[in-house]
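Chemist: First, the structure itself, so that you have it in front of you.
The values are calculated or read from the model by the stated rules, or taken from the named source; none is laboratory data. Keep in mind the model is a prediction, meaning the values are calculated, not measured. Note: ideal-geometry Cβ built from the backbone for every residue, glycine included; neighbour counts use all protein chains shown. Please note that ligands, DNA and RNA were not included when accessible areas were found on the heavy atoms of the full protein model with its side chains. Shrake-Rupley method; radii C 1.70, N 1.55, O 1.52, S 1.80 Å.
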Amino acid sequence: MTAELAPPALTGLPGLDPRWSRFVTVTDPDGQKWRWHVLDNRAADPTGTVLCVHGNPTWSYLWRRLLAAAPPGWRVIAPDQLGMGWSDRLTEPRTLRQRIFDLSDLTAALGVTGPVVTVGHDWGGVISLGWALDHRRDVRGVVLANTAVAMPQGDFGPALIRFAHVPGVRATVTVGTPLFVRAATALSRPPLSADVRRAYASPYRTAARRTSVGDFVADIPFAPGHPSRPVQERIAEGIRSLDVPALLLWGPRDPVFGEQYLADLRARLPQAQLHRYEQASYLLPEDAPQYAEAVAQWLADLGSGRRRAAGPDARASGRGTDPGRRLWSALVDRSADGSPAVVEPGGTSVSWARLARRVEELAAGLARAGVCPGHRVALLLEPSAELTAAVYAVWRAGAVIVVADKGLGWAGMRRALRSAAVDHVIGSRPGLAAARLMGMPGSRIIAGNPDPVTRRAQGGPHSLADLERQGRTVTAPAVSPLDADCAVLFTSGATGPAKGVVYTQRQVLAQLELVRSTYRLTADDRLVAAFAPFALLGPGLGIGSAVPDIDVTAPASLTAGALADAAAVVDATVVFASPAALHRVAATAGDLTAAQRSSLGRVRLLVSAGAPVPASLLASLREVLPAAEAHTPYGMTEVLPVTDISLPGIEAAGVGEGVCVGQPLSAVGVRISALSAHGVADGPLTTTPGQTGEVCVRAVHVKDRYDALWATERAASREPGWHRTGDVGHLDEDGRLWIEGRLSHLITTANGIVTPVGIEQRVERLAGVASAAAVGVGPAGAQVVVVVVVPAGLTTGRRRLGRRRSRLAVANTDTADAVRAVAGVDVAAVLITDRLPVDIRHQSKTDRREVARRATRLLAGARTPRRPGVP
């Protein structure tokens, strides 16, 4: 082997350190000499090697970020395959088998020995896996990004590649013109910069230099008789026995490698951890540049022995779970009870006895229809007794419910449900139609007992009625372990794409027990849930529940009358509603009849969560719910509840920096991780009063993990047993937790970190201000504080995302002076608007990122005409 430095042509490429680049001459077993171009970080005294293999039509430039991010002790080698990039051009096509042999020749010449981690993208994925199978003793792990190792049954290969594979077309689009090369970088969203696109195209400027681009396409073994097909099939089957850690990184927006290829890889590598970068497409290392840090962390974990980014250890909390209880145990306990268990909007009710019997029969029917333990079942049903029965039947069958509510919006639901890799879908007619439009996989089960025409229109699915009848004649399925998965729920998506959150039966049971004990719930209580998912918990708690007449996508559509009517049906003692819903209830209280007031007068407990709940709102509801003790638990989809505080507790806490959410509940630990000067929560976990930082939680009911988001889970649980919430706050001298905002909403000024909530609270106490948002404008580390206010009486103060956009305007001098006088920090600009954007689910959390985007645009001089009526 001989080596030489790379030519000046490789200098000046964005992100590429020219010191990594060199040529290596390798003699193959036939005596032929080949000059390879290699990127090599040349780590000193490496303890392991990362071997990165690109696909077609890229080159080793694809891996530049990984070379830069490699953890200490790891040498990263990224060669240009022969005929590609800056390596020697070939005189004849190269087959898959030959390319694997070529790579082995190169690694032998470079002296690469174990441990080795292979990294592959596109056709480089199958080549890297072929190398791994031939070097099993050296392989420590494999990483794959948007690739395929086999054609799943019934699949004929990526449509775009099959088109380019047609002989007459191939010569034109892959060799004769740079179309294929340019298309690879044109798939990224947002578009790549022009200099990066030029860097990818630079080795392929002439047809002669693009010959192997066409040969690579020709070597894809679509047909069984293709010369490379046996090798591909050997690799596809061989990796089933490749018992090493694996990491899959996926861009779901890829038009080349669709979801079926990911599903196939997961089936062949069941040990693989997965992270989906929801906005990424085919060229994942460009679309998700953070992948490099994720791989670096994964490599570091290999060295430390940490194999899984696990959720909090339930045993560490000191809170046990009765091994004899299951999520449906309360149904069994009340199986002889004829009182209402579930009341649908409109008043139709189902008794405990009927619900318990139906759940048992449905579970048996589902099992007979192929719903197995661990299978994922998407539920596309409106809030109803049918939905409740389906949830508990799926659990009784040992399967996992996947719930993405309509509040996420169509795009959010589609993204969420496709990410969950469901095996079955239970839905109404509209629900199954939506599943078809979303392209969801899995068998179909239709709600109710549809007529033959409807059944045929839906593709002949099972019906819940059929399964219930069949379940009467078969044995109930075996009971799944407590630590088996039982639910995938989704976050609100307020700070990015909604994240799937996986819970086990043990964790949900612990949550139910904590809610029951915290709020002293008994079988004599009845719940009105104005947030539909909470109604599903009623049977698990052993209390009757009702959902009021409300648009589940618009919590603020709840009126006091609708709440009272639902309370009357079940003789409610408990009400749960979001702050947006309660604002509307308070606003419409004057329309209540005497009978409705009487129904609400029997409610003993009011619970509201999802966003900060002003004490003034809770106080105003005393007229509507005079006997109700008002509580606001703090938590999130990943862990709820964490703390709790009552209205008297809020009043006793007084004014502080942020929202006081009370003290941690029994067996819940809360710690703070202090912020660095750059707004990074990297401090040790502490309970020191007054220390501002990221809120970290430990409890038995914390989620098991994020679904298909390995890097997110790894970051959120980097202290084993603790979940990092992404919220920022502090503990006071009495152990109460105060929330000051989100990590993603911190304002990084030249004078230090500023949190937004305290500013907003002080501004909102001004007469004439309905709501406010404090955001940072400018580059990180030099941001200035901008406050956007909604004048009182102009509108409701907040709006749902996706509806008519409001405009910002510069506030008048009096308003600006008043805001600056109370803000407590230097305020660069005060703006006004008629409404603030909020999260799509609860419609209560201000979307500060969107506010900051609009404020930045206005202050940069974008045209934003003043809206009529905005002062």
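Chemist: Do we find a residue being under 19 Å from T495 (Cα atoms) and either in a strand (DSSP E or B) or open to solvent by 50 Å² or more (accessible area, probe 1.4 Å) (or both) anywhere in the range 730-739? Spell out how you get there, then give the answer.
Modeler: Of the residues in the range 730-739, the ones under 19 Å from T495 (Cα atoms) are 739.
Those left that are additionally either in a strand (DSSP E or B) or open to solvent by 50 Å² or more (accessible area, probe 1.4 Å) (or both): 739.
Yes: the range 730-739 contains one or more residues that are under 19 Å from T495 (Cα atoms) and either in a strand (DSSP E or B) or open to solvent by 50 Å² or more (accessible area, probe 1.4 Å) (or both).
Chemist: Let me ask you something else. Could you tell me which of the residues R718, R705, R742 is closer than 30 Å to L247 by Cβ and buried (at least 23 other Cβ atoms within 10 Å of the Cβ)?
Modeler: Details: R718 fails: buried (at least 23 other Cβ atoms within 10 Å of the Cβ); R742 fails: buried (at least 23 other Cβ atoms within 10 Å of the Cβ).
After applying the criteria, what remains is R705.
Chemist: Do you know which residues across the range 827-859 are among the small types (G, A, S), modelled with pLDDT of 90 or more and not in a strand (DSSP E or B)?
Modeler: Passing the criteria: A828, A852, A855.
Chemist: May I ask you to list the residues in the range 263-306 that are open to solvent by less than 30 Å² (accessible area, probe 1.4 Å), in a loop (DSSP other than H, G, I, E, B) and farther than 21 Å from A498 by Cβ?
Modeler: If the condition is that a residue be open to solvent by less than 30 Å² (accessible area, probe 1.4 Å), in a loop (DSSP other than H, G, I, E, B) and farther than 21 Å from A498 by Cβ, then L269, A272, Y282, L283 are the ones that fit.
Chemist: If a residue must be within 24 Å of S304 (Cα to Cα) and among the hydroxyl-bearing types (S, T, Y), how many such residues does the range 101-127 contain?
Modeler: The qualifying residues number 2.
Chemist: Moving to a separate point now. Just to be sure I understand, how many residues within the range 547-570 are in contact (Cβ under 8 Å) with a residue 40 or more places away in the chain, among the small types (G, A, S) and more than 16 Å from E382 (Cβ to Cβ)?
Modeler: 2
Chemist: While we're here: Do any helices (runs of 4 or more DSSP H) entirely within the range 567-626 hold 3 or more residues that are open to solvent by less than 10 Å² (accessible area, probe 1.4 Å) and at pLDDT below 95, and if so, which?
Modeler: Values: elements: 579-587, 594-601, 615-620.
Result: 579-587.
Chemist: Okay, next question. Before we move on, is A476 touching a residue at least 40 places away in the same chain (Cβ under 8 Å) and crowded, with 20+ Cβ neighbours inside 10 Å? Write out each step before concluding.
Modeler: Details: touching a residue at least 40 places away in the same chain (Cβ under 8 Å): yes; crowded, with 20+ Cβ neighbours inside 10 Å: no.
No; evaluated as a whole, the condition is false for this residue.
Chemist: Here's something else I'd like to know. Tell me the residue from E259, E237, E293, E278 that is more than 22 Å from the chain's Cα centre (by Cα) and among the acidic types (D, E), please. Before the answer, list the steps.
Modeler: Values: E259 fails: more than 22 Å from the chain's Cα centre (by Cα); E293 fails: more than 22 Å from the chain's Cα centre (by Cα); E278 fails: more than 22 Å from the chain's Cα centre (by Cα).
E237 is the lone residue from the list that is more than 22 Å from the chain's Cα centre (by Cα) and among the acidic types (D, E).
Chemist: Let me ask something else. Quick one: would you say R136 is open to solvent by 20 Å² or more (accessible area, probe 1.4 Å) and not in a loop (DSSP other than H, G, I, E, B)? Lay out the reasoning, then the answer.
Modeler: Details: open to solvent by 20 Å² or more (accessible area, probe 1.4 Å): yes; not in a loop (DSSP other than H, G, I, E, B): no.
No, not satisfied.
Chemist: Filter the range 104-133 down to residues that are open to solvent by 10 Å² or more (accessible area, probe 1.4 Å) and in contact with a strand residue (DSSP E or B) (Cβ under 7 Å, 6 or more places away or on another chain), then give me how many there are. Reasoning before the result, please.
Modeler: Pass one, the range 104-133, residues open to solvent by 10 Å² or more (accessible area, probe 1.4 Å): 104-105, 108-115, 122-123, 133.
From what's left, in contact with a strand residue (DSSP E or B) (Cβ under 7 Å, 6 or more places away or on another chain): 105, 109-110, 112, 114-115.
Total satisfying the criteria: 6.
Chemist: Do the conditions hold for T388, that is, is it polar (S, T, N, Q), outside any loop (DSSP other than H, G, I, E, B) and more than 18 Å from the chain's Cα centre (by Cα)?
Modeler: It is true that T388 is polar (S, T, N, Q), outside any loop (DSSP other than H, G, I, E, B) and more than 18 Å from the chain's Cα centre (by Cα).
Chemist: Filtering the range 542-552 down to residues that are open to solvent by 20 Å² or more (accessible area, probe 1.4 Å) and either over 21 Å from K406 (Cα atoms) or within 26 Å of the chain's Cα centre (by Cα) (or both), which residue is modelled with the highest pLDDT?
Modeler: Result: D551.
Chemist: For the range 673-696, give me each residue that is assigned to a strand (DSSP E or B), among the β-branched types (V, I, T) and within 16 Å of S744 (Cα to Cα).
Modeler: First pass over the range 673-696, keeping only residues assigned to a strand (DSSP E or B): 673-675, 681-686, 693-696.
Subsequent filtering for residues that are among the β-branched types (V, I, T) retains 686, 695.
Of everything in the range 673-696, just one residue is assigned to a strand (DSSP E or B), among the β-branched types (V, I, T) and within 16 Å of S744 (Cα to Cα), namely V695.
Chemist: Another one. Kindly check whether there is at least one residue in the range 512-521 that is out of contact with any Asp or Glu (no Cβ under 9 Å at 6 or more places or on another chain), among the charged types (D, E, K, R) and free of Cβ contacts under 8 Å to residues at least 40 places away in the same chain. Walk me through it before giving the result.
Modeler: Let us first name the residues in the range 512-521 that are out of contact with any Asp or Glu (no Cβ under 9 Å at 6 or more places or on another chain), namely 512, 514-517, 520-521.
Those left that are additionally among the charged types (D, E, K, R): 516, 520.
Filter once more, keeping what is free of Cβ contacts under 8 Å to residues at least 40 places away in the same chain: 516, 520.
For the range 512-521, residues out of contact with any Asp or Glu (no Cβ under 9 Å at 6 or more places or on another chain), among the charged types (D, E, K, R) and free of Cβ contacts under 8 Å to residues at least 40 places away in the same chain: present.
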